[in-house]
Amino acid sequence: MGKISIIAPVYKTEKQLRKCLDSLVNQTVKNIEIIVINDGTPDNSESIVNEYIAKYGQMIRYYKKENEGIAKTRNLGIEKASSEYILFVDTDDYIETNLVEELLPYVDMDIDMIKFKFTRVDEKGNKILKSEGPVFDVTTGEEAFNKLYCTDVVLDSPCLYLMKKTLFTENGFYFKRTYHEDFGLIPLVILKAKSFVSTDKYLYYYVQADNDSITRTSNYSRVVKKMEDALGHYDDAMVEIGRMDVNEWTKENARIYYTNAIILKLKTLQDKERKIFIKEIKRRKMFKNIKVRSFKQLIKRILLNVNINLYLKLQHSEE
């Protein structure tokens with residue numbers, strides 16, 4: 001098998017599935033492994049997958065299981081991958097057909113993590129926006145995190161990295177919980193990488209659609225559950241960061257990243273639930289993680305201690 005395994009979870013994505021699978025099987029580099037995992041999808045996705053298996057069976061490995069969510073589905077993909085590198089693709093999105101070819105030079109350099117960029121498109125493929133973020137040559141994962149954590153618009157999506165499988169298996173890393181599994185894990189994976197490069201290549205297409213796919217929903221009960229899961233990921237991350245062999249400045253930055261992410265998620269909550277989660281944030285003494293390194297950060301630190309709602313309004317005005 002080749003050096004790269006593409007992991008593609010399937011759940012309620014029949015509308016975009018063919019476009020996604022086309023982008024995988026038509027890669028300009030053919031020596032790849034495509035792992036398609038049916039997460040108990042109730043729609044017509046399986047029959048579509050079977051069409052591709054019939055035509056491209058030499059490239060596709062197919063697994064079917066009961067519905068357990070994206071985290072466990074991705075974990076199964078990692079377990080089944082036989083290649084040195086893994087790439088995650090959500091099947092309501094798609095990738096450039098030359099993605100593997102574009103990234104192979106970095107694979108040949110034995111880089112642990114290779115970051116690329118995405119373009120947000122509508123369901124017809126019309127471009128909505130192109131992602132921003134720093135571009136830099138080979139460095140350590142620790143240095144990469146310090147460059148990315150406050151400047152990259154999408155740090156935690158596993159779909160924007162080509163990664164060595166050993167980053168997961170040798171560090172005991174796996175996706176947890178139902179929601180925000182990427183937020184909980186990918187920053188830690190970055191910190192463990194011995195080598196990292198951030199490219200200027202736009203290779204992933206994120207399809208903005210109003211549907212009930214793996215990660216996109218407007219159901220408020222799920223919004224609350226997402227906040228609960230985010231707090232759980234925060235707790236786990238604080239333990240993991242505390243025992244990592246990185247310098248204290250990096251640990252501070254990681255704590256800032258997780259704390260800011262949690263606080264900003266309060267904007268998704270209604271007043272009743274927001275008050276409950278503010279108590280949880282205060283109980284964890286998260287505000288101590290916000291380091292004062294400028295006058296602007298001092299003002300934010302004061303606002304956090306006085307009135308979180310005012311802090312959120314300030315953040316919203318800066319967006």
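Just so you know, all these numbers are worked out from the coordinates, no wet-lab data involved. These numbers were taken from a predicted model, which means no experiment stands behind them. Heads up, the Cβs are rebuilt from the backbone with ideal geometry, glycines too, and the neighbour counts pull from every protein chain shown.
Which of Arg255, Arg61 has the fewest other C-beta atoms within 10 Å, and how do the rest follow up to the most? Neighbour counts put them in this order, fewest first: Arg61, Arg255. The angle separating the long axis of helix 181-192 from the principal Cα axis of greatest extent in the chain is about 90 degrees. If you line up the long axis of helix 295-306 against the longest principal axis of the chain, both from Cα atoms, how many degrees apart are they, to the nearest 10? The helix 295-306 is inclined about 80 degrees to the chain.
In whole percent, what relative contact order does the chain give with Cα contacts below 8 Å and a gap of six or more residues? Averaging sequence separation for qualifying contacts and normalising by length gives 17 percent for the chain. For the listed peptides 265-271, 197-203, a ranking on the average number of other beta carbons within 10 Å per residue, highest first, reads 197-203, 265-271. Looking at the range 146-244, the GluC sites (Glu not before Pro) that sit in a DSSP loop and have at most 11 other Cβ atoms within 10 Å of their own Cβ are Glu170. Eigen-decomposition of the gyration tensor built on the alpha-carbon atoms of the range 33-152 gives equivalent ellipsoid semi-axes of 29, 19, 16 angstrom, largest listed first. Relative protection proxy for 73-82, 185-194, 244-253, from highest mean packing down: 185-194, 73-82, 244-253 (other beta-carbon atoms within 10 angstrom).
Among Cys20, Cys150, Cys159, the ranking by other beta carbons within 10 Å of each residue's beta carbon, starting with the fewest, stands as Cys150, Cys159, Cys20. Legend: calculated FRET efficiency, Thr139 to Lys80, from the Cβ-Cβ distance at R0 = 30 Å, rounded to 0.05, equals 0.45.
Beyond 37 Å, the tail of the calculated P(r) for the chain holds 16 percent of the Cα pairs. If both residues of a DSSP beta bridge must be in the chain, then about 35% of such bridges are antiparallel. The order of Ser221, Ser195, going from fewest to most other C-beta atoms within 10 Å of their C-beta, is Ser221, Ser195.
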